[in-house]
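The values are calculated or read from the model by the stated rules, or taken from the named source; none is laboratory data. Keep in mind that this is a model prediction, so the values were computed, not measured. Heads up, the Cβs are rebuilt from the backbone with ideal geometry, glycines too, and the neighbour counts pull from every protein chain shown. For the accessible areas, the whole protein counts, side chains as well, though only heavy atoms, and no ligand, DNA or RNA atoms are used. Shrake-Rupley method; radii C 1.70, N 1.55, O 1.52, S 1.80 Å.
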Amino acid sequence: MKGFVWFLLGGLLAMQIGLAAALGQATPSPKKQEAAEVKACAEMAFTGFRPIADNRAQRFQGKVTELSVLCRGGQNAVKFRMTPWIDFTNYWGTGDSSSLPKGYLSTSASQFRGVSGALLDLEYQRIELIKFNLFDNAGTYQDYVAGRNGLSGAALKTWPQLRLPQSDPNYIFVGGDGEQICKGQLIRARTLTGICNDIRNPLMGSTGMPFARNAEFETTFPDLEQTQLTKNRHGGRINLLTPDPQVISRKLFTRAQSNSDLCNRGFGLPNNSPDANCDYQKAPFFNVLAAYWIQFMTHDWFSHMEEGHNAGEMMEVGCTTQKVNGVETPLTPDDIQRLGCRPSDRVDKTYLLQDSPPDQFTSGGRTYLTRAPKTFFNNNTAWWDASQLYGFDDTSVKRVKRDPKDAAKMLLEPVSGVGGGYLPVLSAGDPAQPQWAGQESVAFPDNWSIGLSFYHNLFAREHNSFVDEFRKQAARKPTADSGLRNPSDPKKVVRNQDVSDEELFDAARLVVAAEIAKIHTIEWTPQLLYNEPLYKGMNANWNGLLGTGDPDTSKALADVVTRGFGHSKNATKESQWYSVFASGPGIFGMGSKSPHYDVSNPNDVNGGVNHFGSPFNFPEEFVTVYRLHPLVPDLIEYRDVSKDPNQIVQKVAVIETFEGKATDEMRSRGLANWGLSLGRQRLGLLALHNHPQFLQNIRLPRFDTPTQQVDIGALDLIRDREHGVPRFNEFRRQYGLRSLTSYDDFVDQHLATDSAARKEQAEIVSQLREVYGTHVCDASKVITDAQVNEDGSPINDCLGHPNGSVVDNIEDVDTVVGWLAESTRPHGFAISETQFVVFIVNASRRLFSDRFFTSSFRPEFYTQLGVDWVNNNGPVGLMMEAGTPNGHKQPVSPLKRVLMRNVPELTPELQHVVNAFDPWGRDRGQYYSLEWKPRPDAATDPAFKQ
Ligand code: HEM
């Protein structure tokens, strides 16, 4: 079997060499270069594959050998090998057309070497992330390390900690004290609280389970200084409010304004005048619809808050000290005035699950903690189950309204003046917080925004579109097989006419959740990470590297994965190679293809999931990298679809579309106009000095505090500190990325030394030095065990600088600040490489662990119409996009189809759009261009003149 793995990886490598070798006789200059690369490829082949690391210190850091870099990206790529940043950024074909060589015999061969090399690097990263970064907080960690009953930890599939407790109403039904297995009604669809997704681990991913970690428990909560390593790393310099979070926000997060009167701290001008302007750094290839999409997603995945609040006790949030000549010094009233921060802001503390000292255990001569020093609940289901729409507990589900005329549908009501149905507004009897007054009645109503209103209404319509289509089909063929089966009576065909309202509602929910997952995987993410390797990689997660064109091979590989590895007792096979193989057939639908599939057989229903030995939940570190508030602009460039879409008729302050005002705005202007406006506008770059002004000054009347205000940028830092997220440099080491040795490492070496961008980055370096400071280092202090220096020596306080020299306090940089400061990024990356690596492991696991995306993606659960709808992006079969965008023949994207189906007024505008998250007026140009250039009929759009 292992031979087969080598065959798969070897195939990729052999293709690289084979294609390269065909070009071997080149003579003139670029061709000489090409020949040198081909030679490097051949030599690289003889050295064989890099082994998967045995321990954390040896792991792959996204850095390959000089030969590999030369083979995949030529001399230019070799030049950037010495930076801390991953290598694949510099390979051929991983950028826009300028990343393809000039004067080579074949650019496609070099592109292939670069892109497939990048995919190999990503797969290595994923394998090692799965191997080294899973830390469950629910009590299973000891078994993961030490194994159980002769089975190694990484191969475990069930955990006693994930059994339903006696207090659960389904306790007896799943087996009580005996072996627990969910069955019958509990496994037919997604449950309210997320129990029984994994039928042998009923509690996994359900509401209220602890957040996991991706960082070793010992290295979390660095300000507690519980180990000598963390003591050495931070030298007593950090705690909850040091360095001061509001000062960091004001000095490093504030958006500079060319004319602050026109911005008016994010409030714009009276009557939504289009003359208002709030400057922000914009991403040319990603729109505001994409910003709100990810807010919509996070409300599905996780929440530290409960019903719109944290734990009751209030705490200070800074604006008290700053570093002066390296010493924390109280702010004077003048300083406060100049910075614009607020010392009397207060905020409620985060909810805590456990803070008693964790137990310890010993295994293989090493002592471990059984969990992190503090743990926190995820108050949402961790599944990608559209719980923000459908509910996640008894309270939230009461806000989900059904149509009394057809109980399979969501309640939508007409609103005069704007077409189509809209969600009803919260009414007196609904469970609600005062701040939600006037909002749409939805399961997850918190931090309500115009974008959330947009997506909640859109997907409620999509839910109903599915129900309508099913009803039409049932009317046409009432006795035909719907595809559904009841696991308690598996042989009985459920005819279309026999599908109950409840069953149809549940099937529609499954379809909507799967569509959302598909949009996120193959539409949002490839635009977030707009380059060829990621286009291929994300489509591989969904359809497999083999795509949809070769179903037989795809199925054969899927069988090899689930049968050969999914049930293996060998931890190496189980964890490492499963991931590699899954990239062949794709994760989605894994284990669902058996011709003898039987819904009463748990091995069929659950057989496609893989948790890699550690139960699934999001880690705290995942929440950190989704603190994406800079994506949001201060003002929305509002357009009217019935007039000229190229005209910005108003500038609406985002703060005036917050909470109940979002609902008013949605109902007065309608989905189509908001869709057009959010679709055309560019979102904010994830960078320092790019936080919305309105979020730094937001008023939250639920606080009984002197200001009732809070700075959300500062709060993002405080929450991470409360949750014990390691600071940036250790965070990177934990994920197998190179750490930095000074603030200067943030400067992008690709930029010309005299360029304006480089000067700006140098300026940011001095601001970081001012805020976080420096210290005289002590080389005798080892600061980490997650990585070693290249020569094998431990990393110490001097980070490679001479003992006793003044070094930057780079170890203290908050993780959010660090990833915002990362200017060296792969082409088209709207996020940084640090965020990306967190995403590689968790986005894959979110699919791998969910049976409804793997072995239960079947008509027995979804209906046949449902399976076809998800596969084809709607009811009428797969539609193909015109032409070959970026060289790919591809189906019309799933969100574009959802929009055209449910907001038909947008269809003319969407004709030109390939990816609904690319600004709609932009000309995509050739091969992953990031140019901000209008398509011909958008030439008069003033957004292109800015
Ligand atoms: C109008 C736009 C938005 C507003 C008003 C807003 C406001 C807030 C507020 C008040 C919090 C709670 C802070 C706390 O007490 O811990 C929060 C948390 C958060 N926000 Fe936003 N936000 C907005 C947009 C976004 C967007 C676009 C994202 C992108 C992913 C995002 C991601 C998050 C995350 C990850 C948290 C932490 C949630 C948790 O700890 O469970 N927000 N936001």
When the residues of region 150-175 are narrowed to those that are of a type in the set (A, V, I, L, M) and closer than 20 Å to Ile130 by Cβ, which ends up modelled with the highest pLDDT? Leu162
In region 44-75, anything over 20 Å from Ile127 (Cα atoms) and at pLDDT below 90 is listed as Met44, Ala45, Phe46, Thr47
Might you check whether a residue that is basic (Lys, Arg), under 32 Å from the mean Cα position of the chain (by Cα) and away from the ligand (no atom under 16 Å from the Cβ) occurs anywhere in region 374-395? no
In the list Gln295, Gln337, which residue meets the criterion of being in a helix (DSSP H, G or I), open to solvent by 30 Å² or more (accessible area, probe 1.4 Å) and under 27 Å from Pro706 (Cβ atoms)? Gln337
Are any residues in region 352-369 surrounded by fewer than 17 Cβ atoms within 10 Å (Cβ to Cβ) and in contact with a Phe, Trp or Tyr (Cβ under 8 Å, 6 or more places away or on another chain), and if so, which ones? Leu352, Leu353, Gln360, Phe361, Thr362, Thr367
So which residues in region 229-238 are touching a residue at least 24 places away in the same chain (Cβ under 8 Å) and not β-branched (Val, Ile, Thr), if there are any at all? Leu229, Asn232, Arg233, His234, Gly235, Arg237
Are any of the residues in region 649-657 surrounded by fewer than 23 Cβ atoms within 10 Å (Cβ to Cβ), in a loop (DSSP other than H, G, I, E, B), among the polar types (S, T, N, Q) and away from the ligand (no atom under 11 Å from the Cβ)? no
Somewhere in region 637-645, is a residue within 16 Å of the ligand (Cβ to nearest atom) and either at pLDDT 95 or above or of a type outside the set (Asp, Glu) (or both)? yes
Working only within region 687-734, note down all residues that are more than 15 Å from the ligand (Cβ to nearest atom), assigned to a loop (DSSP other than H, G, I, E, B) and crowded, with 22+ Cβ neighbours inside 10 Å. Leu688, Pro726, Arg727
Would you list the helices (runs of 4 or more DSSP H) that sit entirely within region 766-874 and hold 3 or more residues that are within 22 Å of the chain's Cα centre (by Cα) and more than 30 Å from Asn543 (Cα to Cα)? 815-821
Which count do you get for residues in region 412-432 that are more than 20 Å from Pro904 (Cα to Cα), open to solvent by 40 Å² or more (accessible area, probe 1.4 Å) and in contact with a Leu (Cβ under 8 Å, 6 or more places away or on another chain)? 1
Considering (1) open to solvent by 60 Å² or more (accessible area, probe 1.4 Å); (2) within 16 Å of the ligand (Cβ to nearest atom); (3) not aliphatic (A, V, I, L, M), say which one Asp345 fails and leave the rest. (1)
Could you list, in sequence order, all residues of region 249-300 that are closer than 30 Å to Glu515 by Cα and more than 14 Å from the ligand (Cβ to nearest atom)? Lys282, Pro284, Phe285
Within region 769-795, track down each residue that is surrounded by 14 or more Cβ atoms within 10 Å (Cβ to Cβ) and without any contact (Cβ under 8 Å) to a residue 24 or more places away in the chain. Pro794
Pairs returned, first residue in region 112-135 that is in contact (Cβ under 8 Å) with a residue 24 or more places away in the chain and of a type in the set (Phe, Trp, Tyr), second residue that is open to solvent by 10 Å² or more (accessible area, probe 1.4 Å) and assigned to a helix (DSSP H, G or I), beta-carbon separation under 9 angstrom, 6 or more apart or interchain, are Phe112/Met15; Phe112/Leu19; Phe132/Arg56; Phe135/Tyr141; Phe135/Tyr144
Long-range neighbours under 8 Å by Cβ, at least six apart or interchain, first residue outside any helix (DSSP H, G or I) within region 507-520, second among the polar types (S, T, N, Q): none
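Table: residues versus (1) modelled with pLDDT of 95 or more; (2) touching a Ser or Thr at 6+ places or on another chain (Cβ under 9 Å).
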position	(1), (2)
Ala786	yes, yes
Glu790	no, no
Leu799	yes, yes
Val813	yes, no
Ile831	yes, no
Gly877	no, no
Here are some conditions: (1) without any contact (Cβ under 8 Å) to a residue 24 or more places away in the chain; (2) over 22 Å from Asp791 (Cα atoms). Arg81 meets all but one. Which one does it not meet? (2)
